[in-house]
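K.L.:
Structure below; questions to follow.
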Amino acid sequence: MAPFIKTYLLAPGPTPVPESVLTAMNQPIPHHRTAAFETVMAEVRQGLKKVFGTEQEVLLLAASGTGGMEAAISNLFSPGDEVLTLAAGKFGERWTKLAQAYGLKPTEIRAASPGDTIPVAAVEAALAKNKNLRGVLFQASETSTGVSLPTQAICAAAKKAGVLTICDAITACGVFELPMDRWGIDVLITGSQKAFMIPPGLAMLALSPAAWARTEEARLPRFYFDLKREKAAIVKNQTAWTPAISLILGLREALQMMLKEGLPQAYARHEILGRATRAACAALGLKPLAPAAPSPAVTAVWLPAAVKDGKTFVKRLRDHYGVILVGGQDELDGKILRLSHFGYCGAFDITTGISALELALTEAGHPFELGAGVTAALRIFAEKST
Ligand SMILES: *Cc1c(COP(=O)(O)O)cnc(C)c1O
């Protein structure tokens, strides 16, 4: 009998949900049109503004993160509008597809190869070339390849050109510093099942004054995701439609945890966990996809030659060792492994994940000294243990 009886979730979403959040959600459903629920909403509103770094209202939609992306498109644009999409991976491509689905005219800038970032110079060149652009749509952290995009510089360049920035921050908001107002991000979007440590089902987004002004002239049809309607509701601590009540109860608890740790402290933790993960992978001889601009949320590495079938390898990690890591999507399927290091994640989640990875790599015949990855991670934690 193999001793691997426990399951560990180390995927970049859904991420593990803390016990206190589970407990907060595990109660009879309160009705949402009540003073008691409005008290919860008031607290959540204040907490979200802090995490987003904005004075604007943060809207809550009952949808996965993609619903937040769709809402940004349908509320800000008109048919035929030209937009710039930055595709550093699968989620960037989603912006292009969404724009196409709504009859916009996207120009896509693609990363040179998987794991590469999009340099701000490419964005500046595209903005200079096409004066009709009405939005730049991008990811702060591209989860499919574990790369960061230069958000602050992109926003500065777009602002100069008078173009709105729409930032998918689904594995960025709450993971690393991304102050919406200070950096001039016009729309910041995130989802519940990533850094917010609650189950999937809530999209959260905020709009700058310029983005709100744009909603007045934008002519794409919208109904469920009518952000103006949501704004009118949330200032009264309500939502336009029935909210995801249980998730909002969980969100209140999760926000308390995030703010109790402190945002700078959480960002520093994610940074150290990412550094330890990268050091461990390097010690195992695994090449990173994104060496130049690694995301503090997730590390992607190429699987070594000894691993003949990457999909089976990920399954083996999950079904035999009980460690849920994820592989790649589309053309990266079977070729890469992604290790998450944000949200409800600490040093020993990293060493556990690396331990399982070492056992599975040994089984596959990849040569390295057993314990080398864990040792490399522990060395980083030893430096930071005070
Ligand atoms: C998870 C994620 C999304 C949203 O995906 P959903 O499945 O709709 O929640 C979007 N963008 C990025 C970068 C993500 O990591």
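The values are calculated or read from the model by the stated rules, or taken from the named source; none is laboratory data. Bear in mind the structure is a predicted one, so any value in this text is a computation, not a measurement. Reconstructed Cβ throughout: ideal geometry from the backbone, glycine too, with neighbour counts over all protein chains shown.
K.L.:
Could you run through the range 107-164 and say how many residues are of a type in the set (Val, Ile, Thr) and within 22 Å of residue 82 (Cβ to Cβ)?
P.N.:
Within the range 107-164, residues that are of a type in the set (Val, Ile, Thr) and within 22 Å of residue 82 (Cβ to Cβ) number 9.
K.L.:
List the residue pairs whose Cβ atoms are under 7 Å apart, where the first residue sits in the range 209-220 and is over 15 Å from residue 73 (Cβ atoms), the second is modelled with pLDDT of 95 or more and crowded, with 17+ Cβ neighbours inside 10 Å, and the two are 6 or more positions apart or on different chains.
P.N.:
Listed pairs, sorted by first residue: 210/164; 210/186.
K.L.:
Are any of the residues in the range 105-114 in contact (Cβ under 8 Å) with a residue 40 or more places away in the chain and either surrounded by fewer than 24 Cβ atoms within 10 Å (Cβ to Cβ) or of a type outside the set (Val, Ile, Thr) (or both)?
P.N.:
So far as the range 105-114 goes, yes, one or more of its residues are in contact (Cβ under 8 Å) with a residue 40 or more places away in the chain and either surrounded by fewer than 24 Cβ atoms within 10 Å (Cβ to Cβ) or of a type outside the set (Val, Ile, Thr) (or both).
K.L.:
Filter the range 170-208 for residues that are aliphatic (A, V, I, L, M) and under 19 Å from residue 150 (Cβ atoms) and give the result.
P.N.:
170, 172, 175, 178, 180, 185, 187, 188, 189 - these are the residues of the range 170-208 that are aliphatic (A, V, I, L, M) and under 19 Å from residue 150 (Cβ atoms).
K.L.:
Let me confirm something: among 42, 2, 71, which residue is in a loop (DSSP other than H, G, I, E, B) and touching a residue at least 12 places away in the same chain (Cβ under 8 Å)?
P.N.:
2
K.L.:
Hey, can you tell me all the residues within the range 356-386 that are touching a helix residue (DSSP H, G or I) at 6+ places or on another chain (Cβ under 6 Å) and either under 13 Å from residue 276 (Cα atoms) or acidic (Asp, Glu) (or both)?
P.N.:
358, 372, 373, 374, 376, 377, 380, 381, 384
K.L.:
Also: Looking at the range 116-174, which of its residues are closer than 26 Å to residue 47 by Cα, of a type outside the set (A, V, I, L, M, F, W, C) and away from the ligand (no atom under 14 Å from the Cβ)?
P.N.:
Matches in the range 116-174: 150, 152, 165.
K.L.:
What is the one condition in (1) surrounded by fewer than 21 Cβ atoms within 10 Å (Cβ to Cβ); (2) touching a residue at least 24 places away in the same chain (Cβ under 8 Å); (3) more than 16 Å from the ligand (Cβ to nearest atom) that residue 90 does not satisfy?
P.N.:
Only one criterion in (1) surrounded by fewer than 21 Cβ atoms within 10 Å (Cβ to Cβ); (2) touching a residue at least 24 places away in the same chain (Cβ under 8 Å); (3) more than 16 Å from the ligand (Cβ to nearest atom) is unmet by residue 90, namely (3).
K.L.:
Checking the conditions here, which among 193, 152, 139 is touching a Gly at 6+ places or on another chain (Cβ under 6 Å), surrounded by fewer than 24 Cβ atoms within 10 Å (Cβ to Cβ) and not charged (D, E, K, R)?
P.N.:
193
K.L.:
Do we find that residue 215 is β-branched (Val, Ile, Thr) and within 11 Å of the ligand (Cβ to nearest atom) in this structure?
P.N.:
Spelling it out, it is not the case that residue 215 is β-branched (Val, Ile, Thr) and within 11 Å of the ligand (Cβ to nearest atom).
K.L.:
Out of 78, 113, report the one residue that is away from the ligand (no atom under 16 Å from the Cβ), modelled with pLDDT of 95 or more, in a loop (DSSP other than H, G, I, E, B) and under 22 Å from the mean Cα position of the chain (by Cα).
P.N.:
Of 78, 113, the one residue that is away from the ligand (no atom under 16 Å from the Cβ), modelled with pLDDT of 95 or more, in a loop (DSSP other than H, G, I, E, B) and under 22 Å from the mean Cα position of the chain (by Cα) is 113.
K.L.:
Additional query: Tell me which residues, restricted to the range 206-260, are under 26 Å from residue 15 (Cα atoms), of a type in the set (A, V, I, L, M, F, W, C) and assigned to a helix (DSSP H, G or I).
P.N.:
Within the range 206-260, 245, 247, 248, 249, 251, 254, 255, 257, 258, 259 meet the criteria.
K.L.:
A follow-up question, please. What are the residue pairs meeting all of these: first residue in the range 347-363, first residue under 16 Å from residue 315 (Cα atoms), second residue crowded, with 20+ Cβ neighbours inside 10 Å and aromatic (Phe, Trp, Tyr), Cβ atoms under 6 Å, and 6 or more apart or on different chains?
P.N.:
Listed by first residue and then by second, the contacts come to 356/321.
K.L.:
Could you please find all residues in the range 30-39 being loosely packed, with under 12 Cβ neighbours inside 10 Å and part of a loop (DSSP other than H, G, I, E, B)?
P.N.:
Scanning the range 30-39 gives 31, 33, 34.
K.L.:
Picking from 49, 105, which residue would you name as being more than 16 Å from the ligand (Cβ to nearest atom) and farther than 30 Å from residue 132 by Cβ?
P.N.:
Sole residue among the options that is more than 16 Å from the ligand (Cβ to nearest atom) and farther than 30 Å from residue 132 by Cβ: 49.
K.L.:
Taking the residues in the range 56-68 that are surrounded by 20 or more Cβ atoms within 10 Å (Cβ to Cβ) and in a helix (DSSP H, G or I) as candidates, determine which candidate is farthest from the ligand (Cβ to nearest atom).
P.N.:
By that ranking, first place goes to 68.
K.L.:
Could you tell me which residue of the range 127-136 is surrounded by the most Cβ atoms within 10 Å (Cβ to Cβ), considering only residues that are outside any strand (DSSP E or B) and either of a type in the set (D, E, K, R) or out of contact with any Asp or Glu (no Cβ under 6 Å at 6 or more places or on another chain) (or both)?
P.N.:
127
K.L.:
Here is a check on your reading of the model: is residue 306 buried (at least 16 other Cβ atoms within 10 Å of the Cβ), in contact (Cβ under 8 Å) with a residue 60 or more places away in the chain and either within 30 Å of residue 94 (Cα to Cα) or touching a helix residue (DSSP H, G or I) at 6+ places or on another chain (Cβ under 6 Å) (or both)?
P.N.:
no
K.L.:
Further question on the same structure: List the number of the failed condition for residue 280; all other conditions in (1) without any contact (Cβ under 8 Å) to a residue 24 or more places away in the chain; (2) more than 30 Å from residue 134 (Cα to Cα) hold.
P.N.:
(1)
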